[in-house]
Amino acid sequence: MATSSTPVPTAPSERPIGTLFIANRGEIAARIARTCDRLAIRPVVPTTIGPEALDLLDIAAVVGAARRAGADAVHPGFGFLAENADFAEAVIDAGILWVGPPPEAIRVMGDKAAARRLAASLGVPVLAGHDEPNASDDALITAAETVGFPLLVKPAAGGGGKGMRTVRGPEVLPDAIAA
């Protein structure tokens, strides 16, 4: 553990962040900005309402706004942009530091089945489940018999819990799969 007199090593590729562009809004942007203030980093939170609003769904516009703000780094907050590997790549390609996981990690984690397979291949314990490419109704029903009930039916893609269904018994499994 570093103390105030112990220097903290930095990687040669690291550069200090003087200005951080926060590509988010609301409470998450406010929290990141407060942390910037504590770290003596200038936060830039774009306007997302009104005639001067920045469309946070427009990757090129966000990267352009970060450049115009003189940002050394971009923090996506959480949600859409934080889970968008193309956005991370656009920030990096613009020569701006990306505050977040590498684009390839974002891609892998975006596909929940691929993420589970990767974790298992690395020796990370995972719960029983079905991650195979054959996701037909019959394959899922067969897998459910092996996994046991209750279980969770979850789409391989997507986020925020969208599409998840708790299944307490085999009689409701077909409806959960269909949903």
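Mean separation of Cα pairs under 8 Å and 6+ residues apart, divided by the residue count of the range 1-152: what relative contact order is that in percent? Please list the in-between numbers first.
Working: 161 pairs, mean separation 25.2, N = 152.
Computed value for the range 1-152: 17 percent relative contact order.
Using a 1.4 Å probe on the protein heavy atoms, what percent of the accessible area of the range 22-107 belongs to carbon and sulfur? All intermediate terms of the calculation are to be shown ahead of the outcome.
Working: 2660 of 4790 Å².
The value for the range 22-107 is 55 percent carbon and sulfur by accessible area.
Give me the net charge for the shell around Ile96: Cβ to Cβ below 10 angstrom, other residues only, Lys and Arg +1, Asp and Glu -1. Provide the component values of the computation, followed by the final result.
Numbers: positive: Arg67; negative: Asp72, Asp93.
Summing Lys/Arg as +1 and Asp/Glu as -1 gives -1.
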- Apportionment of accessible area to carbon and sulfur, the range 108-175, percent (1.4 Å): 61
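Dipole of the chain, Cα-centred, from +1 at each Lys and Arg C-beta and -1 at each Asp and Glu C-beta, to the nearest 20 debye?
Numbers: 16 positive and 20 negative charges, 145 e Å.
Its charge dipole is roughly 700 debye.
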- The list [x] 10.5; [y] 11.9; [z] 14.6 gives values of mean projected area of the Cα convex hull in nm², and only one came from this structure; which label was calculated from it? [z]
- How many nm is it between the label spots at Ala179 and Asp138, if each spot is 7 Å from the Cα in line with the beta carbon? 2.6
- For the chain, what is the accessible area per residue in Å² when the probe is 1.4 Å? 64
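The values are calculated or read from the model by the stated rules, or taken from the named source; none is laboratory data. Since the model is a prediction, treat every value here as computed from it, not as a measurement. We place every Cβ from the backbone using ideal geometry, glycine too, and count neighbours over all the protein chains shown. Side chains included, ligands, DNA and RNA excluded: accessible areas come from the protein's heavy atoms. Shrake-Rupley method; radii C 1.70, N 1.55, O 1.52, S 1.80 Å.
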